[in-house]
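See below for the structure under consideration.
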Amino acid sequence: MNTSHNATSQSHFSIEETAVLKAHLLQNIRSCLSYLLPRGVFRGDKFYVGDVQGNEGKSMIVELTGSKVGLWHDFATKEGGDIIDLWAAVHRKDARTDFPEVMASIAEWLGVKRTKECKNLEKYITGSWNYYDENNQVIVTVYRFDPPGRKKEYRPFNAKTLSYEAPNIRPLYNIPGILKSDEVVLVEGEKCAEALMEQGITATTAMSGANAIIDKTDWTPLKGKHIIIWPDNDEAGKKYAENAEKKLLEIGVASLAILEIPQDKPKGWDAADGIVEGFKFQEFLQTGICY
């Protein structure tokens with residue numbers, strides 16, 4: 001069986017969601033196998049069963065630990081694959097041709113909460129940004145939707161609850177990068193953070209940018225760092241910078257500066273715009289004015 005699974009627009013499951021669902025199956029591998037193949041036997045780091053129909057025996061083996069967790073092989077039929085292939089085979093489906101149905105079944109078993117509204121929106125996804133923890137595990141994925149005739153929308157998909165909702169405590173963007181750097185630029189939005197990161201500058205943002213709930217954001221990864229805040233050129237950006245500045249001073253940072261946007265820049269001008277324009281951002285960063 002093919003172990004490469006690609007989410008399509010018809011599946012309504014993005015690549016990121018598919019990866020999250022698979023990760024949850026692997027994290028609950030024993031419960032998953034007990035559900036799929038109740039006649040199987042756990043022995044050491046392997047699971048033994050007769051075949052994908054669930055008959056007793058030892059012809060089929062599933063790995064329970066290590067880098068091969070979830071991989072299986074039936075020595076009688078020569079079939080094999082990963083945990084998604086196994087889920088499909090047990091349900092007499094093909095993981096490629098029946099991919100949407102297979103993933104929907106997995107999501108239902110895991111208890112994924114996906115509203116009808118979100119399912120309808122998912123075909124209009126135009127961007128996504130992963131928020132990782134210190135171990136490079138996805139905490140939440142923020143999706144941008146551009147449905148026709150409507151304003152763009154941003155919605156977080158929580159990797160823990162498997163639902164479209166923000167975590168109770170929202171993480172900062174690019175935590176692995178923050179932890180490796182002493183100097184961090186705080187911007188407004190993931191697009192701006194990515195623009196700076198592509199230039200070799202460690203950048204981050206609070207989830208929801210100017211609409212971020214300051215007190216629900218975990219700012220502690222920035223404690224003791226040298227911080228420069230680069231706001232968007234509008235009133236919302238100014239307010240965002242002021243609120244973030246107050247919070248960062250409370251937790252304690254090594255230094256803090258807010259960049260003053262040049263007067264010739266249009267309303268809404270941001271870090272991403274600067275990169276596109278060929279703006280001399282390194283010089284700009286070094287001349288930031290501390291309020």
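Pairs to check: LYS151/LYS239; LYS152/LYS223; LYS152/LYS239. Give those whose C-alpha atoms are more than 27 Å from each other in this structure.
Working: LYS151/LYS239 23 Å; LYS152/LYS223 33 Å; LYS152/LYS239 22 Å.
Over 27 Å apart, Cα to Cα: LYS152/LYS223.
Two decimals, Cα atoms only, Kirkwood Rh: what is Rg/Rh over the range 32-123?
Details: Rg = 14.7 Å, Rh = 14.1 Å.
Taking Rh as the inverse mean 1/r over Cα pairs, Rg/Rh reads 1.04.
Set the Förster distance to 22 Å, then compute FRET efficiency between SER105 and VAL69 from the Cβ-Cβ distance, nearest 0.05. Please list the in-between numbers first.
Details: r = 20 Å, r/R0 = 0.93.
Efficiency at R0 = 22 Å is approximately 0.60.
Which whole number in µm²/s is D for the chain by Stokes-Einstein, with the Kirkwood Rh taken over Cα pairs at 10 °C and 1.306 mPa s? Spell out each step's value before the answer.
On the way: Rh = 21.5 Å.
Answer from the Stokes-Einstein relation: 74 µm²/s.
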Residue of THR205, THR220, THR97 that the Gaussian network model of the chain assigns the largest fluctuation, springs spanning Cα pairs under 10 Å: THR97
Theoretical gain in end-to-end length, LYS160 to ILE251 [0.36 nm per residue, Cα-Cα removed]: 30.1 nm
Most fluctuating residue given options ILE229, ILE106, ILE275, as computed from a GNM of the chain linking Cα atoms under 10 Å: ILE275
Extension gain from ASN233 to SER181, taking 0.36 nm per residue of separation minus the Cα-Cα distance: 16.1 nm
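First compute the accessible area of the range 99-216 with a 1.4 Å probe, then give the percent of it belonging to carbon and sulfur atoms.
Details: 2650 of 5920 Å².
Solvent-exposed carbon and sulfur of the range 99-216 make up 45 percent of the total.
In what order, largest first, do GLU101, GLU194 sit by accessible area if the probe radius is 1.4 Å? Mind showing how you got there, number by number?
Details: GLU101 100, GLU194 55 Å².
Correct descending sequence by accessible area is GLU101, GLU194.
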Net length gained if the chain between LYS280 and ALA23 were fully extended (0.36 nm per residue, minus Cα distance): 88.3 nm
Exposure of VAL102 as accessible area (Å², to 10), given a probe of 1.4 Å and all protein chains: 10 Å²
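Provide the per residue accessible area, probe 1.4 Å, for the chain, rounded to a whole number of square angstrom. Let's see the in-between values first.
On the way: 15250 Å² over 291 residues.
Computed with neighbouring chains in place, this is 52 Å² per residue.
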FRET efficiency estimate (nearest 0.05) - Cβ-Cβ, ARG92 to LYS216, R0 30 angstrom: 0.10
Whole-Å distance, taken between Cα centres, linking the range 86-161 and the range 63-82: 25 Å
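The values are calculated or read from the model by the stated rules, or taken from the named source; none is laboratory data. Remember, predicted model here, so these are calculated numbers, not experimental data. Positions of Cβ are backbone-derived with ideal geometry, glycine not excepted, and every protein chain shown enters the neighbour counts. Accessible surface is based on the protein model in full, side chains and every heavy atom, while ligands, DNA and RNA are left aside. Shrake-Rupley method; radii C 1.70, N 1.55, O 1.52, S 1.80 Å.
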